[in-house]
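Chemist: First, the structure itself, so that you have it in front of you.
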Amino acid sequence: MDRLPELDGIQSFLFVAEELSFRRAAERLNLDQSALSRRIMELERRIGVRLLQRTTREVRLTEAGQAFYERNMQLIEGLRDSVSLARRTAQGASGRLRVGYMSFAAITDMPRHVRAFRQTFPRVSVELLYHSTQAQKIELARDRLDVGFMIGPFRHPDFDTAPVSQERLVALVPDDHPLAGGPTKLAELARVPLVLGTMGQWDFYRRMLDEIFAQRGLTMRVEFEASTTTGILGLVAAGLAATIYPESGRMLRPSGIRAVPIADCDRPVETVLAWRRTGLSTTARNFLRICGVLGPSG
């Protein structure tokens, strides 16, 4: 492969091509005119073609020189853009942010914080990745996520977390359900058919509900499982079962579904934001600052 010409020689040629004058180009470069002439001659020797026609009265571009000028102006602009991009990326003003989230965070918490971040850093590409709580922990450990909205608590020496929100649990039931008059109790919910998320997608939440009922000596009667909130609410609206969901689910419920308080359930669902303690990108740090969980020097 032929050795490419030096960037100083290309830039010098571009100045001469713009000015069509060695004197004016030398002044712009703060360079001796004879030194500039030697640079151009070395450039022509290196690439093996004549780029300029010079006489004592004028300087003109050859056909090859015109082509060389046009293509190198594009390259110089690309180089300037790459320098600017590198600086923005180093400042966290450009680049990519990978945000994990689970079903509950998708309703208010994640969209609210992403919106605030995009208003401040519009050039950053935000990749939103839906994962269960357990899957987010794995993806964070594998460096496939920068931050994750998950069900808490989460304590691990390799990760930091910050609380985002807490919500009470409510029962979502069809309008004509026996418990629709509410409030209801856990013992009453244990006697009716329920639809819950699958263990594969709702693992942490399912275990949490099991613990809540087990503490009262109760077992849930799970008649149906669905992998998405839409599927769960669809089965409730069809009158097939009730479900237990954080109170933000009121925003999603279609007509025909009623939200009923659970009088004897005081354990909230906690959403936390988690991230790695080491190797955190500047972009991720900026996101955490926007979320109010990391200080200016963090």
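Chemist: Looking at A274, A238, A242, A284, which is the one that is over 25 Å from P163 (Cα atoms) and either out of contact with any Pro (no Cβ under 9 Å at 6 or more places or on another chain) or open to solvent by 20 Å² or more (accessible area, probe 1.4 Å) (or both)?
Modeler: Going through A274, A238, A242, A284 in turn, just one is over 25 Å from P163 (Cα atoms) and either out of contact with any Pro (no Cβ under 9 Å at 6 or more places or on another chain) or open to solvent by 20 Å² or more (accessible area, probe 1.4 Å) (or both): A238.
Chemist: Then there is this: If P193 passes every condition in (1) modelled with pLDDT under 95; (2) in contact with an Asp or Glu (Cβ under 7 Å, 6 or more places away or on another chain); (3) open to solvent by less than 60 Å² (accessible area, probe 1.4 Å); (4) farther than 18 Å from P246 by Cα but one, which one does it miss?
Modeler: Of everything listed in (1) modelled with pLDDT under 95; (2) in contact with an Asp or Glu (Cβ under 7 Å, 6 or more places away or on another chain); (3) open to solvent by less than 60 Å² (accessible area, probe 1.4 Å); (4) farther than 18 Å from P246 by Cα, P193 misses just condition (1).
Chemist: Still on this structure: In the range 239-261, what residues are over 30 Å from the mean Cα position of the chain (by Cα) and either touching a residue at least 60 places away in the same chain (Cβ under 8 Å) or closer than 19 Å to A190 by Cβ (or both)?
Modeler: Residues satisfying the conditions are G239, L240, A241, A242, T243, G256, I257, R258, A259, V260, P261.
Chemist: Next up: Looking at F204, F213, F149 in this structure, which one is open to solvent by 40 Å² or more (accessible area, probe 1.4 Å), touching a helix residue (DSSP H, G or I) at 6+ places or on another chain (Cβ under 7 Å) and not in a loop (DSSP other than H, G, I, E, B)?
Modeler: After ruling out the rest, the residue left standing is F204.
Chemist: Restricting to the range 45-64, name every residue that is out of contact with any Lys or Arg (no Cβ under 6 Å at 6 or more places or on another chain), outside any loop (DSSP other than H, G, I, E, B) and either more than 21 Å from E6 (Cβ to Cβ) or open to solvent by less than 90 Å² (accessible area, probe 1.4 Å) (or both).
Modeler: Listed by number, the residues that qualify are R46, I47, L52, R54, V59, R60, L61, E63, A64.
Let's see how each residue does on (1) assigned to a helix (DSSP H, G or I); (2) touching a strand residue (DSSP E or B) at 6+ places or on another chain (Cβ under 6 Å); (3) in contact (Cβ under 8 Å) with a residue 12 or more places away in the chain; (4) over 18 Å from R289 (Cα atoms):
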position	(1), (2), (3), (4)
M110	yes, yes, yes, no
A116	yes, no, yes, no
P153	no, no, yes, yes
V164	no, yes, yes, no
V170	no, yes, yes, yes
P178	no, no, yes, yes
R191	no, no, yes, yes
G200	yes, no, yes, yes
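Chemist: Keeping to the range 1-43, report how many residues are under 48 Å from the mean Cα position of the chain (by Cα) and modelled with pLDDT of 85 or more.
Modeler: 20
The values are calculated or read from the model by the stated rules, or taken from the named source; none is laboratory data. Fair warning: this is a prediction, and the values are worked out from it, not measured in the lab. Every residue, glycine among them, receives a Cβ derived from its backbone with ideal geometry; neighbour counts consider all protein chains shown. Only protein heavy atoms, including side chains, enter the accessible area calculation; ligands, DNA and RNA are left aside. Shrake-Rupley method; radii C 1.70, N 1.55, O 1.52, S 1.80 Å.
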